[in-house]
Amino acid sequence: MASQTVKRQRKRKRVDEDGDPEFQVAPMVDVLLVLMLFFMSITSTELLKKDRNLTLPDAKNAKPNENKPHNHEIIVNIAWDGIKSVAQFSMDGMNFGSPDDMKGALASRMKADPRAYVVLRADRDVQYSNVSDLMNACASVGIGTVTFAVITGGATDKKNPAAGGAASK
């Protein structure tokens, strides 16, 4: 019995004396899978915030939104239904009938992050009264900064939107 333990210890010593560490693949695969799942979940939530069907207005002289951190933004989409002549409001994948209906969701986001600001992505056909109503709803819950997302540089391609434009305080 003692001779078997001695043989095992000698065998271990011979493997350790080589100096080549063993590379274990299974823990590395586990780490890579966790990272992949993390990035996939982040990507899908980011896509839910931006409505690709919007045709953003063109603003040739807009300034890019470089000084504000993107992790504090609340993205609000306003789509225009030309058939019904009504604006459709959405935030974080949820649809709202009016800006007044959004006040509760905006207030909870503002409570969770006091430095939050709104990035307004309005379709170019949306009436100004709808934008004004949304800005009043933001002001009523304590959000003082609203930034407009526009297409910059005179491009009419709706796939190249950039946050820019004036911010109201």
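Can you say whether I151 is at pLDDT 90 or above, surrounded by 13 or more Cβ atoms within 10 Å (Cβ to Cβ) and under 20 Å from D58 (Cβ atoms), as far as the supplied structure shows?
no
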Conditions (1) crowded, with 16+ Cβ neighbours inside 10 Å; (2) in contact with a Gly (Cβ under 8 Å, 6 or more places away or on another chain); number of the one not met by A116
(2)
Within the bounds of region 58-71, is there any residue that is touching a Lys or Arg at 6+ places or on another chain (Cβ under 7 Å) and either within 19 Å of R115 (Cβ to Cβ) or surrounded by fewer than 19 Cβ atoms within 10 Å (Cβ to Cβ) (or both)?
no
A careful count of residues in region 96-106 that are touching a helix residue (DSSP H, G or I) at 6+ places or on another chain (Cβ under 9 Å) and either small (G, A, S) or in a strand (DSSP E or B) (or both) gives 2
Going through K84, K111 one at a time, which residue ends up being in a helix (DSSP H, G or I) and either in contact with a strand residue (DSSP E or B) (Cβ under 6 Å, 6 or more places away or on another chain) or among the basic types (K, R) (or both)?
K111
Kindly establish whether D92 is acidic (D, E), closer than 24 Å to N130 by Cα and at pLDDT below 90.
yes
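Could you look through region 119-148, keep only residues that are among the polar types (S, T, N, Q) and exposed (fewer than 13 other Cβ atoms within 10 Å of the Cβ), and pick out the one that is nearest to D81 (Cα to Cα)?
S129
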So S98, is it farther than 15 Å from T147 by Cβ, hydroxyl-bearing (S, T, Y) and over 20 Å from the mean Cα position of the chain (by Cα)
yes
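The values are calculated or read from the model by the stated rules, or taken from the named source; none is laboratory data. In this text the structure is predicted, and so the values were computed from the model without any measurement. Note that we place each Cβ from the backbone using ideal geometry, even for glycine, and neighbour counts take in every protein chain shown.
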